[in-house]
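Following: one structure in structure tokens, then a few remarks.
All of the numbers you see were taken from the coordinates with simple rules; none came from a lab. Small disclaimer: the values here were computed from a predicted structure and weren't measured. Note: ideal-geometry Cβ built from the backbone for every residue, glycine included; neighbour counts use all protein chains shown.
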Amino acid sequence: MRLNSGVCVAAHFPLKLMSSHALAPNVHHFAFRRDDGEPLEYQAGQFIQIHFQYPDGSPTKRSYSIATVREQAAQPEDAIEVAVSYVPGGAASELFGHLQIGQQIEASGPFGRFCLMPGDANRRYLLIATGTGVTPYRAMLPQLKRAIAERGIEVVLLFGARSAAELLYAAEFAAFAQANPGFRFIPCFSRELPEPGYPLQRKGYVQDALAELAPRHLSMARVRSADRRYGRRQPGQSARDQAIGARLYRNIRGFGAAQRGRLRDGNQHHRGRHGGDELPARPRPGAARALLRR
């Protein structure tokens, strides 16, 4: 929608809650449908905004990545799925916690560019996430399946959680990896390994597994050097390798701090937005993501 001033404002639309269920002790999955008879055209990786009011009547909004796995053109009856973290005292937690099946909420979007572009020719993708930061990757699964079949790409999903109970959509990612040999699912557990576990699971944080997943021409020593020196070029290092190392560092440096609670989120490391329960300027704790193309 365009105002007389020429400023573009996203049109709002109603969403009706169709179902919900728990994904983890503090995370719920919600499935909505547009209640105006229109389809929601979006690209996997984009997000919507939910609009509501504080108790004093002042307006606010929250951003949530679309988690829907859609394999066909948008239809009015399509589910619009999001994952929502519970934050004690959070205004959005209060909204979603009392939402009943059939009730409406107000939304706008889609927004964001955290997407796999149609003309993308990269052959290797490293998808990194913690918490609800994994939701856009769920939406990307049909697109990744086509790219694996048609272009032979390699994809690694590195997903961090404290325990198996907090590994969102784990069964879906594990099944996708089993059905698509070009896709590897690597869960990283910072507190306890599950039994029975996942074939490629790791003990530790996501950043602990990055060196072994670096591009083959980029040595582990250079990855460690990028981590120590903020990606500055080292003696004998080509400008190309330095640029790759610097980008790798910029994308991962927030994960360790986020896991230890020093950062609220890794949102500054990607171009999209994520699902959360804090104001856009203060995203939800514990969730982060980055997508590295090579």
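Got a number for residues in the stretch 35-78 being of a type in the set (A, V, I, L, M) and either crowded, with 18+ Cβ neighbours inside 10 Å or touching a Gly at 6+ places or on another chain (Cβ under 7 Å) (or both)? Matching residues across the stretch 35-78 total 6. Glu81 meets the conditions (1) in a strand (DSSP E or B); (2) among the charged types (D, E, K, R); (3) more than 30 Å from Glu150 (Cβ to Cβ) in every case but one. The failed one is (3). Residues in the stretch 39-71 that are in a loop (DSSP other than H, G, I, E, B), small (Gly, Ala, Ser) and touching a residue at least 40 places away in the same chain (Cβ under 8 Å): how many? Counting residues in the stretch 39-71 that are in a loop (DSSP other than H, G, I, E, B), small (Gly, Ala, Ser) and touching a residue at least 40 places away in the same chain (Cβ under 8 Å) gives 3. Taken together, the residues in the stretch 19-33 that are touching a Phe, Trp or Tyr at 6+ places or on another chain (Cβ under 6 Å) and either closer than 11 Å to Ile66 by Cα or outside any loop (DSSP other than H, G, I, E, B) (or both) amount to 1. Of all residues in the stretch 75-103, exactly one satisfies the criterion of being touching a helix residue (DSSP H, G or I) at 6+ places or on another chain (Cβ under 9 Å), among the hydrophobic types (A, V, I, L, M, F, W, C) and over 16 Å from Met18 (Cα atoms), namely Val87.
Residue by residue, here is whether (1) part of a strand (DSSP E or B); (2) polar (S, T, N, Q); (3) touching a Ser or Thr at 6+ places or on another chain (Cβ under 8 Å) holds:
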{"residue": "Tyr137", "(1), (2), (3)": "no, no, no"}
{"residue": "Gln143", "(1), (2), (3)": "no, yes, no"}
{"residue": "Ala149", "(1), (2), (3)": "no, no, no"}
{"residue": "Val155", "(1), (2), (3)": "yes, no, no"}
{"residue": "Phe173", "(1), (2), (3)": "no, no, no"}
{"residue": "Ala177", "(1), (2), (3)": "no, no, no"}
{"residue": "Glu192", "(1), (2), (3)": "no, no, yes"}
{"residue": "Pro196", "(1), (2), (3)": "no, no, no"}
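Do the conditions hold for Ala107, that is, is it outside any loop (DSSP other than H, G, I, E, B) and at negative phi? In short, yes.
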